[in-house]
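Trainee: Have a look at this one before I ask anything.
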Amino acid sequence: MRTTARWAATIGLTATAVCGPLASAAPAAPGNAPASLYAPSALVLTVAHGESSALAAPERAVTLSCAPMPSGTHPAPAEACAELRAAQGNFDALASGDNVLCTREYNPVVVTVNGVWRGQRVSYERTYSNECIKNALGASVFAF
């Protein structure tokens with residue numbers, strides 16, 4: 001049941017993030033210029049305590065839209081979008097924090113990202129050994 005609820009929440013948030021801006025836009029008349037010159041970049045990020053998203057219920061979820069301008073419920077959308085652009089959308093290549101000291105405590109935290117990055121479907125999951133490591137390695141993208 002938890003997995004069903006997780007998927008329902010993720011799909012609902014993704015649909016809202018991706019389709020929400022489209023719902024208010026007027027349809028373009030034939031022969032007009034495209035409504036946007038930017039490929040869509042709308043993501044739903046979740047965090048939960050556990051070893052995998054299948055076994056843990058999300059504790060927090062935010063939306064992040066990077067085109068045409070940073071927005072969403074993420075606490076620092078401009079910084080997160082800048083870091084993602086610098087990493088070319090590769091979540092494993094996000095710059096880690098320098099001089100961050102974390103304990104060796106094992107309290108796993110799993111992050112998921114679902115949505116669209118520059119027009120390409122994204123589905124990402126990573127488990128960090130604790131919250132400190134997540135914040136150090138995920139930079140501001142996963143700091144929510």
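The values are calculated or read from the model by the stated rules, or taken from the named source; none is laboratory data. All of these numbers come straight from a predicted model, not from anything done at the bench. For neighbour counting, all protein chains shown are included, and Cβ atoms are generated from backbone atoms with ideal geometry for every residue, glycine included. The protein model used for the area step is the full one, side chains on, heavy atoms only, and it has no ligands, DNA or RNA in it. Shrake-Rupley method; radii C 1.70, N 1.55, O 1.52, S 1.80 Å.
Trainee: Computing the accessible area with a 1.4 Å probe over protein heavy atoms, can you report the carbon and sulfur percentage for segment 33-122? Provide the component values of the computation, followed by the final result.
Mentor: Details: 2730 of 5090 Å².
Its accessible area is 54 percent carbon and sulfur atoms.
Trainee: Considering only protein heavy atoms, what per residue accessible area in square angstrom results for segment 53-102 with a 1.4 angstrom probe?
Mentor: Solvent-accessible surface per residue comes out at 58 Å².
Trainee: Give me the percent of Cα-Cα pairs in segment 63-144 that sit more than 17 Å apart, rounded to a whole number. The partial results should precede the final answer.
Mentor: On the way: 1536 of 3321 pairs.
More than 17 Å apart: 46 percent of the Cα pairs in segment 63-144.
Trainee: Right, something else. For the pair T73 and R126, how long in nm is the line joining their label points, each one 7 Å along Cα→Cβ?
Mentor: Placing both labels 7 Å along Cα→Cβ, they lie 2.3 nm apart.
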